[in-house]
1. Take region 335-402, drop everything but the C-alpha atoms, weight them equally and run the Debye formula without solvent; then report log10 I(q)/I(0) at 0.24 Å⁻¹ to two decimals.
2. Stretch residue 1-residue 431 to full length: gain in nm at 0.36 nm per residue minus the Cα-Cα span?
3. For residue 383 and residue 467 in one chain, what is 0.36 nm times their gap in residues minus the Cα-Cα distance, to one decimal in nm?
4. With θ taken as phi - 60° and the coefficients 6.51, -1.76 and 1.60, list the Karplus ³J(HN,Hα) couplings across region 446-456 in order, rounded to whole Hz; mark glycine and proline as x.
5. Taking amide H positions as placed in the peptide plane 1.01 Å from N, state which residues far from residue 238 in sequence (5 or more) or on other chains have amide H under 5 Å from it.
6. Under a 1.4 angstrom probe, counting protein chains only, how are 426, 46 ranked by accessible area, largest first?
7. Treating only the Cβ of Lys, Arg, Asp and Glu as charged (+1, +1, -1, -1), what charge dipole size does the chain show about its Cα centre? Round to the nearest 20 debye.
8. Using the per-residue mean of other Cβ atoms lying within 10 Å as a proxy for protection, in what order, highest first, do the peptides 401-414, 203-216, 72-85 fall?
Amino acid sequence: MSYDLVVIGTGPGGYVCAIRAAQLGMKVAVVEKRKTHGGTCLNIGCIPSKALLHASEMFDLAGHDFAPLGIVVNKPSLDLPAMMKHKADTVDANVNGVGFLLKKNKVESFFGHGSIKGAGKVDVKAEDGKVTTLETKNIVIATGSDIATPPGVDVPFDETTIVSSTGALTLEKVPAKLIVIGAGVIGLELGSVWKRLGAEVVVVEYLDRILPGMDNEVAKQFQRILEKQGFAFHLSSKVTKVEKTAKGGSVTFSPVAGGDAVTLSGDVVLVATGRRPYTDGLGLEESGVAMERGRVVIDDHFASNVPGVYAIGDVVRGPMLAHKAEDEGVAVAEIIAGQHGHVNYDVIPGVVYTMPEIAAIGKTEEELKAAGIAYKVGKFPFTANGRARAMRHTEGFVKVLADATTDRVLGVHIIGVSAGELIAECAVLMEFGGSSEDLARTCHAHPTISEAVKEAAMAVEKRQIHM
């Protein structure tokens, strides 16, 4: 079987790459180790977690926020199996949709473990042990990532009591107490799901702050909001042991600066300390593909050091985000086709889907200060936004960072309702090299949440109206 392109992995990067390549006239095949397409994101990551985040948010609203709106209902009761069915139905719809799109674009699918056997050959080992060899002009590695654990700590995962993000999405009952190791996006999102449904949530984090890498002012306000919601935090704490106990699980940690160890016990322990590139069994070392810190080394055109072998997504440099992988998938397909695919890594948004949401794009204040770049700040709080008041969602603010000399927008950071949607207009602005003046003079509908973005842009020059 001979192809123009074989893509290993059908997560967001892989399936998008395959479809774009097929659109460009290539004969394409994909290799997927799961029985379904979509990778971690669609099956056990982004999509199921957002389904549970939405459902748990509705449950929380019904229990606490309806009365002030004049809506009188009995205290809601939880039907967890029904909520999990909503999650499963959402996953199925997305996964089946990807399968349909691949067939529509005449992309052939092979299910099994793929491994590279030198330039131009990929072996696919099916569950029954049968091996199929695919010959191809080009190979794209898009195998995503897997869970990472705290350095030097043996974690006895059983995905029931000691769980990764995978197990945290399939708990059969609400834990009375959930201990979360890691205060990053995954830990705080899944912690939010189970907190809303009734769990006590305690977060243990090695750093002295939550959401590492995000704007520090946003992170500080978000921590205060989460504490108000009932989260407890142990920051600057190094985990040294995770154990399964007769009643659940325990986590032992010590202060990073030194001091006595503390052991916490809970019904469930969620380990959410990040992810690592997944390249196991791909035959990269045997094929001579250069690696660095577990990632495939690529040039500016996504090419490895082995001719005809490319890589995208979580297995290469850059943020581990589905939409980053998608853009790389399109770009590498176009490059292979002789076009000029490109990804602007300065304009990739990141979103935390909690309540309130957090969204960020571009540089943080900390990064600009470290780089010695002079900048101006415009901020606007949601407490001064009419639509936010009407919705009773006034927590948070919009922050716009603009170059002090050129006024070009260098970063936008939002904590508040619908932040994940609001960040899109900022991405468009920054993609075209726009200034805070451009955004400030763009008419926004009234009353909308997006007016807060305009006012923050106006605030860069201290000319906001509603504050």
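1. -1.12
2. On the way: separation 430, 0.36 × 430 = 154.80 nm, distance 4.10 nm.
Gain on extension, residue 1 to residue 431, equals 150.7 nm.
3. Values: separation 84, 0.36 × 84 = 30.24 nm, distance 0.95 nm.
Gain on stretching residue 383 to residue 467: 29.3 nm.
4. 10, x, 9, 5, 5, 4, 5, 5, 4, 5, 5
5. 254, 256
6. Values: 426 0, 46 50 Å².
In descending accessible area the options line up as 46, 426.
7. Values: 48 positive and 55 negative charges, 117 e Å.
It works out to roughly 560 debye.
8. Numbers: 401-414: 21.4, 203-216: 19.5, 72-85: 11.2.
Top of the packing list down: 401-414, 203-216, 72-85.
The values are calculated or read from the model by the stated rules, or taken from the named source; none is laboratory data. Because the structure is a prediction, the values reported are computed rather than measured. Neighbour counts run over all protein chains shown; Cβ positions are idealised from the backbone, glycine included. Keep in mind that these areas ignore ligands, DNA and RNA; they rest on the heavy atoms of the full protein, side chains included. Shrake-Rupley method; radii C 1.70, N 1.55, O 1.52, S 1.80 Å.
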